[in-house]
1. Restricting the first residue to segment 121-144 and requiring it to be surrounded by fewer than 21 Cβ atoms within 10 Å (Cβ to Cβ), which pairs with a second residue that is modelled with pLDDT under 80 meet a Cβ separation below 6 Å and a spacing of at least six or different chains?
2. Can you name the condition, by its number, that residue 70 falls short on among (1) surrounded by fewer than 18 Cβ atoms within 10 Å (Cβ to Cβ); (2) closer than 19 Å to residue 115 by Cβ; (3) within 15 Å of the chain's Cα centre (by Cα)?
3. Just the residues that are assigned to a helix (DSSP H, G or I) and either touching a residue at least 60 places away in the same chain (Cβ under 8 Å) or more than 9 Å from residue 124 (Cα to Cα) (or both), please, taken from segment 99-111.
4. Could you say which residue among 72, 83, 52 is assigned to a loop (DSSP other than H, G, I, E, B) and touching a strand residue (DSSP E or B) at 6+ places or on another chain (Cβ under 8 Å)?
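The values are calculated or read from the model by the stated rules, or taken from the named source; none is laboratory data. Note that the structure is predicted; figures quoted are calculated from it, not measured. Every residue, glycine as well, gets a Cβ built from its backbone with ideal geometry; the counts of neighbours run over all protein chains shown.
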């Protein structure tokens, strides 16, 4: 199901680990609402500003999947409010440019993110949105690794 011009519901659920381990990665209704918000208010504006496709490494993770991959116990991913994204080239240089673009967009008020995190020296960028389980606290973690 298409959520935005460039993002589908299915790509925000895909997980190689879930498939390999037989884990059903199915979001509840609240997580589905958060995924739609994430796609419309953050991912699509980032994609439009970037001007080229971006890949979603990880979107929603059910609790079992999140535990299996070693995710944080209260990760925004389990609420459908986060995505780990990267450029299609997946180079450190381009992922860093993507990160810098996202930070700039947040600072200019073009997107509202709960978190923007450079993960593992620009292997990917974590972005998340405010959601009812975690109130917005202006926690834009621009340089956490």
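1. Cβ pairs passing all conditions: 130/136.
2. (3)
3. So the first thing to find is which residues in segment 99-111 are assigned to a helix (DSSP H, G or I), and the list is 99-107.
Of everything in segment 99-111, those that are assigned to a helix (DSSP H, G or I) and either touching a residue at least 60 places away in the same chain (Cβ under 8 Å) or more than 9 Å from residue 124 (Cα to Cα) (or both) turn out to be 100, 101, 102, 103, 104, 105, 106, 107.
4. Values: 72 fails: touching a strand residue (DSSP E or B) at 6+ places or on another chain (Cβ under 8 Å); 83 fails: assigned to a loop (DSSP other than H, G, I, E, B).
Of 72, 83, 52, the one residue that is assigned to a loop (DSSP other than H, G, I, E, B) and touching a strand residue (DSSP E or B) at 6+ places or on another chain (Cβ under 8 Å) is 52.
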